[in-house]
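**Q** Sending over a structure as structure tokens; questions will come in a sec.
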Amino acid sequence: MPAGLPEFRLGKVLATSFTGTLTERRGDPVERIPTPRRLLDWLAVYGLAVESCTSAQLERARELRESIHAAATAAARQEALPAATVQVINDCSVQGRAAAVLTPENTRRWLLGPASRVEDALSVIAADAISILAGERDGRLALCASPTCRAAFFDTSQSRTRRWCEMNTCGNRQKKARFTANQQKKLKSAK
Ligand SMILES: [Zn+2]
């Protein structure tokens with residue numbers, strides 16, 4: 001990884017991992033795809049490698065990302081999805097070429113066409129978002145409990161009680177903050 005660039009947060013769900021390329025939206029936002037190159041790197045991690053990316057295509061990717069984030073946030077709050085966000089998601093889905101194929105392990109993989117473009121990869125991400133927003137998949141959209149994050153994530157836990165977008169980051173930080181607050185309370189009451 002090039003020095004000085006923020007690391008990726010890699011989740012299991014494609015669409016919400018993509019929205020996780022911008023973190024701490026309610027705090028000090030961290031842009032994890034700051035350059036076209038980093039978008040290409042991210043896509044490659046998810047098996048959606050394409051050759052090149054222009055700054056306009058990066059802009060389009062971020063527009064899709066924020067649309068998925070806004071739609072997923074509305075869905076988690078059980079509110080109507082903003083029409084403009086649905087439009088962007090649908091347009092991105094339509095404008096790319098990708099095909100689902102079955103692997104020898106009986107899992108689904110997306111194949112991008114020859115000479116594939118960023119748009120083809122974005123169509124796969126859009127289709128993933130659509131399957132979640134349509135309620136086709138086993139899980140529940142929820143919002144991260146961290147006040148500086150509030151990321152929409154897809155909870156596939158048995159109990160559907162996951163509170164944080166990621167245990168390693170938001171979860172641990174919240175726990176630490178609570179621990180410190182409790183320690184301070186104890187110290188005060190001991191005085
Ligand atoms: Zn979070």
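The values are calculated or read from the model by the stated rules, or taken from the named source; none is laboratory data. In this text, all values refer to a predicted model and were calculated from it rather than measured experimentally. Reconstructed Cβ throughout: ideal geometry from the backbone, glycine too, with neighbour counts over all protein chains shown. With ligands, DNA and RNA removed, areas are computed over all heavy atoms of the protein, side chains included. Shrake-Rupley method; radii C 1.70, N 1.55, O 1.52, S 1.80 Å.
**Q** With a cap of 16 neighbouring Cβ atoms within 10 Å, and only residues DSSP puts in a loop, list the trypsin sites (Lys or Arg not before Pro) found in region 85-153.
**A** Details: sites: ARG97, ARG108, ARG109, ARG117, ARG137, ARG140, ARG150; in loops: ARG97, ARG117, ARG137, ARG150.
Answer by residue number: ARG97, ARG137.
**Q** Loop only by DSSP, 11 or fewer other Cβ within 10 Å of the Cβ. Give me the GluC sites (Glu not before Pro) in region 91-191 that pass, ordered by residue number.
**A** Here the sparse-neighbourhood loop sites are GLU105, GLU136.
**Q** So, one more: Summing -39500 (n - 2.57) over the DSSP H runs of n ≥ 4 in the chain and dividing by its residue number, what mean residue ellipticity at 222 nm do you reach, to the nearest 500 deg cm²/dmol? Please report the intermediate quantities before stating the final value.
**A** Values: 6 runs with 85 residues, N = 191.
Theoretical 222 nm ellipticity from helices: -14500 deg cm²/dmol.
**Q** Carbon-plus-sulfur fraction of the accessible area of the chain, 1.4 Å probe, in percent?
**A** Taking all protein chains in place, the chain shows 53 percent carbon and sulfur surface.
**Q** Please give the net charge around LEU102, taking every other residue with its beta carbon less than 15 angstrom from that of LEU102, where Lys and Arg add +1 and Asp and Glu add -1.
**A** +1
**Q** Another question about this same structure. For the chain, report the accessible area per residue in Å² (1.4 Å probe, heavy atoms, rounded to an integer).
**A** Solvent-accessible surface per residue comes out at 57 Å².
**Q** If you don't mind, another one. Loop only per DSSP, at most 15 neighbouring Cβ atoms within 10 Å: give me the trypsin sites (Lys or Arg not before Pro) in region 1-93, ordered by residue number.
**A** Values: sites: ARG9, LYS12, ARG25, ARG26, ARG32, ARG37, ARG38, ARG60, ARG62, ARG65, ARG77; in loops: ARG9, LYS12, ARG25, ARG26, ARG32, ARG77.
The qualifying sites are LYS12, ARG26, ARG77.
**Q** Hey, another quick one. At a 1.4 Å probe radius, which order do TRP110, TRP164 fall into by accessible area, largest first? Before the final figure, lay out the partial values.
**A** Details: TRP110 65, TRP164 30 Å².
Per-residue accessible area, sorted high to low, gives TRP110, TRP164.
**Q** If you don't mind, there's one more thing I want to ask. Rounded, prolate or oblate, given the Cα gyration tensor of region 9-57, with a/c below 1.5 counting as rounded?
**A** Since a/c reaches 1.5 but b/c is at least a/b, the shape of region 9-57 is classed as oblate.
**Q** With a Förster radius of 45 Å, plug the Cβ-Cβ distance of VAL45 and GLN184 into 1/(1 + (r/R0)^6) and report the FRET value to the nearest 0.05.
**A** According to the calculation, E is roughly 0.65.
**Q** When Rg is the radius of gyration of the Cα atoms in the chain and Rh is its Kirkwood radius, what does Rg/Rh come to?
**A** So for the chain, dividing Rg by the Kirkwood Rh gives 1.03.
**Q** Quick one: among ALA142, ALA99, ALA115, which has the greatest mean-square fluctuation in a GNM of the chain with alpha-carbon springs under 10 angstrom?
**A** Looking only at ALA142, ALA99, ALA115, the biggest GNM fluctuation is shown by ALA115.
**Q** Which aspartates and glutamates have a Cα less than 15 Å from the Cα of LYS12, not counting those fewer than 8 places away in the same chain?
**A** ASP128, ASP138, ASP155, GLU166
**Q** Further question on the same structure: For ALA72, what charge total do you get from the other residues with a beta carbon under 13 Å from its beta carbon, if Lys and Arg give +1 and Asp and Glu give -1? Don't skip to the answer; put the middle values down first.
**A** Numbers: positive: ARG25, ARG65, ARG77, ARG137, ARG140, ARG150; negative: GLU66, GLU79, ASP128, ASP155.
Local net charge: +2.
**Q** Further question on the same structure: Among ASP41, ASP120, ASP138, what's the order by accessible area (1.4 angstrom probe), most exposed first?
**A** Sorted by accessible area, descending: ASP138, ASP41, ASP120.
**Q** Still on this structure, please answer the following. Suppose a student asked you for the relative contact order of the chain, using Cα pairs under 8 Å spaced at least 6 residues apart; what percent would you report?
**A** Averaging sequence separation for qualifying contacts and normalising by length gives 20 percent for the chain.
**Q** Shifting gears a bit: At 18 angstrom or more along the helix axis (alpha-carbon based) and mean Kyte-Doolittle of 1.0 or higher, what helices does the chain contain? Whole DSSP H runs only.
**A** 118-133
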